[in-house]
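Q: Encoded as structure tokens, here's the structure I'll be asking about.
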Amino acid sequence: MSGLANRPNLVDVRAEHWKPPVYRPAGGVWPALRARLLRFMDLQAGTIWRDLAAELPKVAGTVVDVGCGVQPYRPLFSAGVRYIGIDYADTRDTFRVEAPDTIYYTGDRWPLEDATADFVLCTETLEHVATPEVFLAEMFRVLKPGGRALLTVPFAARWHFIPYDYWRPTPSGLDNALRRAGFGEVRVYGRGNTFTIACYKGMAFCYSLLSPREGTGRASAWVSRCLGVAGIPAMMALAVGANASLPWPGSVDFLGFTVSVEKPR
């Protein structure tokens, strides 16, 4: 048998066989070193941190971090901001992450009054929202006139947190969705470039060898892990090359996007 009928229906896939480590605010020397190493090896997380570290310390007023997870970027804000972390209630079960001072909510409406926030942060969340137009309308509602939002979304990232990963927006798609929600001053910045992505995909292949799919036979799993261990030097070399390439401009292929928007006055 050949053709489509011989290939798996991906709608039936309900989970992934490997998940990256969760990033948490690092306190102490060793946790901070571990977090730095993880950001070096995880190019998506590393490039997001790089962009946010340049922007968040300048933010003032009331901050809403939506889809905040374990609040990994909270330490980048200055001590003077009023920080509010919110997340969907099912996150604790779906993604296995939570923070003690997060406001959890159900339904589409955020648990905040109109014009609450001077700044909204939304990192790697929009791809998990099945109705982004409703989500963006809430972001617009919660922001004060003249307020700013900073979002990050993946582009060349693997399908993750299956089945709760719905879409990969392009710059034109982001611009269209955000302007339809009422935002202005839409700026979309690429993270990485074609060389970065080539390294990223090579590293992902090595990770997959180290973590064979569930149901793989014992002999096949052993061979896969041995090949993965043998590929660790190559994976480290790819990580070095990828991180060195980040200042190079991209063209049409990116790890993801960092998006800045404003609510008109």
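Please treat every number below as a calculation from the coordinates, not as lab data. Note that this is a predicted model, so its numbers are computed, not measured. Cβ placement follows ideal geometry from the backbone for every residue including glycine, while neighbour counts extend to all protein chains displayed.
Q: Send over the Kirkwood Rh of region 1-158, from the inverse of the averaged 1/r over different Cα pairs, rounded to one decimal Å.
A: Value: 17.3 Å, from the Cα pair sum.
Q: Moving on to the next point. Please state the relative contact order of region 196-239 as a whole percent: Cα pairs under 8 Å, 6+ residues apart?
A: Relative CO of region 196-239 lands at 53 percent.
Q: How large is Rg over Rh for the chain, taking Rg from the Cα atoms and Rh as the Kirkwood inverse mean of 1/r across Cα pairs?
A: Result for the chain is an Rg/Rh of 0.98.
Q: Same structure, new question: Given the chain, what count of lysine pairs have C-alpha atoms under 21 Å apart, with each pair 8 or more places apart or on different chains?
A: Number of lysine pairs found: 4.
Q: Oh, and also: If I take every Cα pair under 8 Å that is 6 or more residues apart in the chain, average their sequence separation and divide by the length, what percent do I get for the relative contact order?
A: Reported as a whole number, the value is 21 percent.
Q: Let me check I've understood the local charge: for VAL186, count other residues with C-beta under 9 angstrom from its C-beta, Lys and Arg +1, Asp and Glu -1. What total comes out?
A: It works out to a net charge of -1.
Q: If we count other beta carbons within 10 Å of each Cβ, what is the order of ASP108, ASP65, fewest first?
A: With the sparsest Cβ surroundings first, the list reads ASP108, ASP65.
Q: Could you please rank LYS144, LYS58, placing first whichever residue has the fewest other Cβ atoms within 10 Å of its Cβ?
A: So the residues, fewest neighbours to most, are LYS58, LYS144.
Q: Add -39500 (n - 2.57) for each DSSP H run of 4 or more in the chain, then divide by its residues: what number comes out at 222 nm, to the nearest 500 deg cm²/dmol?
A: -11000 deg cm²/dmol
Q: Which of the peptides 73-84, 146-157, 5-16 is most tightly packed, and how do the rest follow, judged by the mean count of other Cβ atoms within 10 Å per residue?
A: Highest mean packing first, the order is 146-157, 73-84, 5-16.
Q: Then there's this: Give me ASP118, ASP87 ranked fewest to most by other Cβ atoms within 10 Å of their Cβ, as a rough exposure proxy.
A: ASP118, ASP87
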